[in-house]
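Encoded as structure tokens, the structure appears first; notes follow it.
The values are calculated or read from the model by the stated rules, or taken from the named source; none is laboratory data. Every value quoted in this text rests on a predicted model; they were computed, and no experiment measured them. Here the Cβ is made from the backbone with ideal geometry for all residues, glycine too, and neighbour counts use every protein chain on show.
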Amino acid sequence: HLMPTAVKLHRRRRAANMAAHMRRLSHRSYSQVQTDFSSNRVRRTFTGFFHELYQHMIVPSSPVRPRGDPSLLFVNAGMNQFKPIFLGAADPRSEMATYRRVVNSQKCVRAGGKHNDLEDVGRDVYHHTFFEMLGNWSFGDYFKEEACIMAWRLLTEEYRIPPERLYVSYFAGDANSGLPADEETRHIWLSMGVPSDHLLPFGMRDNFWEMGEIGPCGPCTEIHYDHIGGRNAASLVNADSPDVVEIWNLVFMQYNREADHSLRLLPQFSVDTGMGLERLVTVLQGQRSNYDTDLFTPLLSAIQQVRPGLYRGRTGEADVGRVDMSYRVVADHVRTLSVCIADGVYPGMSGAELVLRRILRRAVRFSTEVLQAPEGALASLVPTVAHILVSWAIYLIYFQIMDIINENEAQFLSSLKQGRRVIDRTLQRLEKNDTLFPVPVAWSLHRNLGFPLDLIGLMLEEQGLSVDQRALDVLAIENEKLRCPVQTSVGDTLVHLDLHSLAQLQSEEVPHTDDSPKYHYSLAQDGKYVFQPCHATVQALYCGQTLVSEVAGGQRCGVVLDRTCFYAEQGGQSHDQGYFIRYGLPDVLYPVEAVQLAGGYVVHQVTAAEVLRKGDQVQLYLDEPQRLACMVKHTATHVLNFALRQLLGPSVEQRGSHVAADRLRFDFSGSLSIPQLQEIEKSIHNIITENNAVYIEEVPLARAKDIPGLRTVDEVYPDPVRVVSVAVPLADLYDSQTDRWTSVELCCGTHLLRTGEIGDLVILSERQMVKGISRIVAVTGDDAREAREAGQVLTQEVESLSARLATVASPSLADANRLAKEVGILTDAVDCTPIPQWKRRELQTHLKGLQRTTNTSIRKLETKEAAVKAQSLFKKNGNKNIVVDTVDTDSISVLMKTVNQYSDRAPGTLVMLLSHQQPSGKVLCACQVPKGFSALSASDWALTVCGRLGGNAGGSATVAKGTGSVANLTEALRCAEEYAQDKTQNRR
């Protein structure tokens, strides 16, 4: 960062002018600060300032679901969508690659993962799960001095914040990391007129920002605001004082944290700033609480309309009954719910969806139990959120958002009542001095009733109790391991080009890989696809986190070629497979295990069979069947998308997809009935039969977006972009006279040239992932034909079994059990066999009817058999006080029914019956005691006897059953009778 003397002099003059301007501003009193800043005006002023005065491009906020970043549950910082730029991996053909100066207001959610504010929300007046981050960025353009000048000018001139209220922190250095103090930034602020007693040094924790465990990072300078004024508040900076708060963080990205935790200078320095809109609005509107600004007051007023009592802004012990805390929780959480659902994240059972489910349930609990608001009150706040945030995304679907919230609320309220009863019963059993709630009960509430762990903690805290959090965390970790076992795949060990190597390739002017040969294929007259040969030169070899000139045999490496016919994984399509050979070494194959795209370079992951050197000439061989299978599935995915839109209307949205050689997966908004599934397959079959041409053309992105009926997803598209249209040429689509509706999408994938090659398509599965989002899994070609044939076979088997059931007039119990078993086996086959989903649902409905029929028959036969056995036993034992006897049956159900019927005949008798299975030695046990008989519990009786038999038992105080194993039953009978006699005698 050396610069000419003239530039340095110019910057010094500009800094001197800035210092003089600041001295003038310092004489302005706080009363002159603008207090009429609405939140919308604050947001517009920020983006307008950088756009109009400093030529920043205004980039829209990305959705809160991260684009292609599995490391994040939600977008939690303004820089998330720009990570490809920081990592040097932006597609050189995309608009993002041209960004130099950028400004925006980014929607962020901090709940779950590393940044998690969920449990703090409501307890104070400044934590939120959803917030907006105002930010400006420089990617290799301006750096520290310009960033500081812009920030100070915006705050003191545009927002008119008195400079004497502002304090600035900078990086003090860190000896352990070998980092010096950021004296450059300190001198910049001093030259601008910031008093030295308002300029404070801090260490790594406060003034060094890192993107993650590895990646770009750097020192930062933060601007803090003193709410009180008229004093020196330097000692309160970074001291967790509510009076002095950070409002803006300016990060200077100049290092990269390597895998070995060392730091290297970045090839390109950048600026990343972030200022929370909520906190800034609080300052500009002269408030001390974020909840007293126009971002929240309309919500708090709306809550007050549906429950008695006012919001008073109290916290801690002053907030009796946690009423104000509940107001804040509901106001915050309904914002998060509205924004997330509008962006396609719905409450569910895993990942971001599970976190959103926790947020919804926490809001419901505070709304209904603490605020005593009626059911539906939470959802009624959604239109207010849309109005406050000026969000068309929420406006357009607020009825759908309200429906989702209401449905989830109803489900949770049912669980909440049940959970409250569980907690109350448990509290009654605790000793007076107990302060710890049983961990197994808490875990059961979480696992079985869906209670968030933090909600359990809050409910117990209200009762003056706590739970062993460490023990709960252990259970949660063990459960996660069972639910998501560790899987090793090629994706886990991919060779990724790091940003230094990418920068080195660019500095050495290594041209980007020409991957256009991946589209070089044609359809021969015999109907077979012909893939053109591809010759290439090795441009770079990447091994051990560095670029090398050669790799030895057996080494795993990334190979960058000047051109390639291999498709790199992107756009939801799996990468190609195949191999290449080296010229002069035709018998040695270099298998390509994976293919990635990074910053315009296609990286082929290879384990070298022999030495490979930079400059080697190679010939590439595609795995043509695998590629063709992906082409089939990708074109079929487009046709499926079109068929769904035809059937469900233009409001249906794609929520994700993946194309592999064996099957395709497609997520969409909505769900399908049996007739709709049939209609979808019929529509697709018609398109396949028509053997329509598939037109593919590369056009400028701006022109492509004008195509009528175009389907897009939330991705960063290159410019120019490929447009894939089925049946209608692109030129005709631009013709306003064309009224033909067809499949047309922006897509970088590889496709068939005619739809007839799909052969057939069968939807194997269609199920709801979360409320409002369903996932389709489908197969094509021979797999689809086999699925239809399997469906026919199972249909015949179900019809045959149904006919046999209808002809058996008076089956024996053994016959009925055998038929029920056949129904169960067929049900498993229908559930697990790849068949059309509509056929599966039809057969499942039929089999459920057969299951009900056989179960009814079995119950009647068992009751009849039990009556005979009970009659025989009653003749033998009469009205004894205690009856312990044996019954010849292999059914625990028959044994239990016999006990019940005997007890009906002799209401005051204690009955235990055992059945001894031969030759296994297994013992079945069932017992019943009169209702209200306190001397003996049926469950204790059965547990004692079965325990002696090496088994187990369970039940209630009145009835119980169990199993065990013994060679001779005599001892067990004696034990059972003695136990009962002992208990009854003690009672007397």
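So that you can scan it fast, the table gives a plain yes or no per residue for (1) touching a Cys at 6+ places or on another chain (Cβ under 8 Å); (2) closer than 28 Å to residue 926 by Cβ; (3) in contact (Cβ under 8 Å) with a residue 60 or more places away in the chain; (4) of a type in the set (Asp, Glu):
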site	(1), (2), (3), (4)
812	no, yes, no, no
846	no, no, no, no
857	no, yes, no, no
861	no, yes, no, no
865	no, yes, no, yes
874	no, yes, no, no
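Annotation note: of 399, 412, the sole residue that is among the hydrophobic types (A, V, I, L, M, F, W, C), under 23 Å from residue 374 (Cα atoms) and without any contact (Cβ under 8 Å) to a residue 12 or more places away in the chain is 399. Of the residues contained in region 757-764, one or more are found to be part of a helix (DSSP H, G or I) and in the same structural domain as residue 704 (by TED's automatic domain parsing). Considered as a group, the residues in region 622-650 that are of a type in the set (Lys, Arg) and within 29 Å of residue 565 (Cβ to Cβ) include one that is surrounded by the fewest Cβ atoms within 10 Å (Cβ to Cβ), and that residue is 627. Filtering 591, 586, 625 for residues that are touching a Phe, Trp or Tyr at 6+ places or on another chain (Cβ under 7 Å) and not basic (Lys, Arg) leaves a single hit, 591. Please go through region 133-154 and give me each residue that is closer than 18 Å to residue 86 by Cα, within 36 Å of the chain's Cα centre (by Cα) and in a helix (DSSP H, G or I), ordered by number. 147, the sole residue that qualifies.
No other residue among 620, 677 is outside any loop (DSSP other than H, G, I, E, B), under 30 Å from residue 549 (Cα atoms) and touching a residue at least 60 places away in the same chain (Cβ under 8 Å) apart from 620.
Scanning region 49-64 for residues that are part of a helix (DSSP H, G or I), surrounded by 15 or more Cβ atoms within 10 Å (Cβ to Cβ) and either out of contact with any strand residue (DSSP E or B) (no Cβ under 6 Å at 6 or more places or on another chain) or among the basic types (Lys, Arg) (or both) gives 49, 54. Applying the criterion of being part of a strand (DSSP E or B) and modelled with pLDDT of 90 or more to the residues of region 954-966, the residue that is surrounded by the fewest Cβ atoms within 10 Å (Cβ to Cβ) is 965. Check region 870-887 and report whether any residue there is aliphatic (A, V, I, L, M), surrounded by fewer than 22 Cβ atoms within 10 Å (Cβ to Cβ) and over 16 Å from residue 976 (Cβ atoms). No, every residue in region 870-887 fails to be aliphatic (A, V, I, L, M), surrounded by fewer than 22 Cβ atoms within 10 Å (Cβ to Cβ) and over 16 Å from residue 976 (Cβ atoms). Note on region 430-467: residues that are assigned to a loop (DSSP other than H, G, I, E, B), of a type outside the set (Val, Ile, Thr) and exposed (fewer than 14 other Cβ atoms within 10 Å of the Cβ) total 7. When each of 447, 421 is tested for being among the basic types (Lys, Arg), at pLDDT below 80 and closer than 30 Å to residue 376 by Cα, the lone residue that passes is 447.
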